[in-house]
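Notes for the one structure printed next.
What follows draws every value from the coordinates through simple rules; no lab data is involved. Keep in mind it's a predicted model, so treat the numbers as computed, not measured. Here Cβ is always computed from backbone atoms with ideal geometry, including for glycine, and neighbour counts include all displayed protein chains.
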Amino acid sequence: MLKNNSMALKNINPTKTSAWGKLTAHFGENKNKTIKDLCKDPMRKEDFSVVLGDLSVDFSKNRIDKETISLLVALAEEVGLRDAIEKQFNGEIINVTEGREVLHTALRSTSEDPVYVAGKNIKPQIQTALRKIKSFSNKVVSGKWKGYTGKSITDIVNIGIGGSDLGPDMVVESLQYYKNQLTTHFVSNIDGDHVSEVMKKLNPETTLFVIVSKTFTTQETITNAETLKNWFLKSATIFDIPKHFVAVSTNLEAVDNFGIDKSNVFTMWNWVGGRFSLWSGVGLSISLSIGYDNYRALLDGAEEMDLHYRNTPFEKNIPVILALLSIWYNNFYGAETEAVLPYSQYLKKLPDYLQQAIMESNGKGVDRNGDVVDYQTGTIVWGSTGTNMQHAFMQLVHQGTKLIPADFIGYKESLYGLTEHHKSLMANYYGQIEALAYGKTKEAVHLELKFSGDQEKIEKLLPFKVFEGNRPSNAIVFDKLTPHSLGKLVAMYEHKIFTQGILWNIYSYDQFGVELGKELAKKFLTAQ
């Protein structure tokens, strides 16, 4: 059993709080209210929206009223969320089970205020690391960095897995519009067919490999790195490795043994978890792909959300509201999943990224005291891009038996300026949200069939064409997809995750659940 100490988070079972009791009573009295009825209030949208610069979050189409929000905010206050937020930003050891600080927020901070780890201000280290990323990126992008035959680099291969792959891969894909002449590839799976397909696209003379592994011992990453190194050495020598391989790691000895020059090692820190690490040296592939200035804009967007999260009252705090709504549906309505639905093809990898960020963080069955919980924690997250998914799984969301709250992510402007396409895209965006909220009544279907001349089919088709509606969603709209707005979006979900973890009284920053399968895989491997 873990003992709480002054450095740790408070240990409060949410279901034993006064606020939870009031929420339970409130749910019983109001669970049958419909979104359609709630939205008859002319001030509804204004009262249930928050704007932060180029971001607007409209949460009016939820099964909530002002009292619901008030009671959920009271729950956040009762479990000590404000104190937890400050402890995270100040660098206290809130990842208690691993004895670590949690400071991905410090990586994007432009503030001069110090943040201390083990009595030492980490801000200068962060700035040094960013300068190194900038300098190296500029050399490679400009063509000044040459391969072993004197040619400039054309391809980047990021070799990592989990947080060392999903974050950079998602961001590079999302910001394709801003990419430079370099082509970036990602190798993660230990499946040899994966790395073999990537190798077919590469020229050893012009490829730079970025190996991302904190320990430099991760089985998938090192196996893939060795395979790519052996492929490279078929046409080059071991003396050429420093020109083509760099590492993001803390294990300098292993990196040196691999043949990588120590000056080509980008640091990682113990106080940054893998799934929150794209803001660190793990983001090197992002900086190489879109240029350092765009990478810095990504960090700046995240910092804008950090400041909002830290300083805004909970009832107008975007990540807090999203987390509270998730608790409302998960723990009171019994909804077990949430859909993330970006209306931008660029964001096709965002649901995959958020699956790791959310499910690895909050997929916990014991509380901060080490006791088994008797309430639901981590939600299952899934999704795809609009309008593709409208022709796929949205049937179940609209007319199925499961309650699935959804986040719709949209943009006011397209990047290439095809306005007719974008008008149609966003018409679908708002059409889906409205259909989920309001549905279609028997009376409306009856009238529609009558006027379409299908009089004899009315009785037969009527039940199949009714939409009950009352299905909740959030409308998350940015002006435009930019590095800055993407940073803001990712940080928004990061803070939602942390807020959920505090409310559920679990530790969001360890991931022991991934270990057992890996241990057994080693056992089976040695037995072969």
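Roughly how tilted is helix 442-451, in degrees to the nearest 10 and between 0 and 90, from the longest Cα axis of the chain? It works out to around 90 degrees. Amide H to amide H, with H built 1.01 Å from N, residue 266 comes under 5 Å of 247, 248, 249, counting only residues 5 or more places away or on other chains. Percent antiparallel among DSSP beta bridges with both residues in the range 122-295, to the nearest 5? Taking every DSSP beta bridge within the range 122-295, about 5 percent pair in antiparallel fashion.
In the chain, the longest principal axis of the Cα atoms and the axis of helix 163-174 are about 70 degrees apart. For the range 54-167, the convex hull drawn through the C-alpha positions has a volume of 235 cubic angstrom per residue.
Gain on full extension, evaluated as 0.36 nm per residue between residue 180 and residue 46 minus their Cα-Cα distance, stands at 44.2 nm. The stretch between residue 200 and residue 113 holds 26.5 nm of extra length on full extension. This uses 0.36 nm per residue minus the Cα-Cα distance. Between helix 18-30 and the chain there is an angle of about 50 degrees, using the helix long axis and the longest principal axis of the Cα atoms. Restricted to Cα atoms, the range 336-432 shows a radius of gyration and a Dmax of 16.5, 55 angstrom. Relative to its residue count, the range 209-252 spans a Cα convex hull of 64 Å³ per residue. For 155, 193, 83, the sequence from fewest to most other C-beta atoms within 10 Å is 193, 83, 155. By the Cα gyration tensor, the chain has an equivalent ellipsoid whose semi-axes, rounded to whole angstrom, run 42, 29, 22 from largest to smallest.
Net charge dipole, the chain: roughly 600 debye, given to the nearest 20, about the Cα centre with Cβ charges of +1 for Lys and Arg and -1 for Asp and Glu. Taking each residue as 0.36 nm, the span from residue 144 to residue 256 lengthens on full extension beyond its C-alpha to C-alpha distance by 37.9 nm. Which residues in the range 256-283 place their backbone N less than 19 Å from a point set 7 Å from the Cα of residue 233 along the Cα-to-Cβ direction? The answer is 256-262, whose backbone nitrogens lie closer than 19 Å to the label point. Approximating the spin labels as points 7 Å out from Cα along Cα→Cβ, the residue 434-to-residue 458 distance works out to 2.5 nm. Of all beta bridges DSSP finds with both residues in the chain, what is the antiparallel percent, to the nearest 5? Looking only at bridges with both residues in the chain, the antiparallel portion is about 30 percent.
Translational diffusion coefficient of the range 122-295 (Stokes-Einstein, Kirkwood radius from Cα pairs, 10 °C, 1.306 mPa s): 100 µm²/s.
Backbone amide hydrogens, once placed in the peptide plane, bring residue 261 within less than 5 Å of nothing, excluding anything fewer than 5 places away on its chain.
Inter-label distance, residue 33 to residue 388: 3.8 nm, where each label sits 7 Å from its Cα along the C-beta direction.
Based on C-alpha pairs under 8 angstrom that are at least 6 apart in sequence, the range 122-295 has a relative contact order of 31 percent. Simple spin-label estimate for residue 525 and residue 372 gives 3.2 nm between the two label positions (7 Å along the Cα-to-Cβ direction from each Cα). The mean sequence distance of close C-alpha pairs (under 8 Å, at least 6 residues apart), as a share of the length of the chain, puts its relative contact order at 20 percent.
Taking Cβ atoms as reference points and 14 Å as the exclusive limit, the residues near residue 301 contribute a net charge of -4, counting Lys and Arg as +1 and Asp and Glu as -1. Across the range 114-127, computed HN-Hα scalar couplings (Karplus, 6.51 cos²θ - 1.76 cosθ + 1.60, θ = phi - 60°) run x, 10, 9, 10, 6, x, 10, 5, 8, 4, x, 4, 5, 5 Hz from first to last residue, x flagging Gly and Pro.
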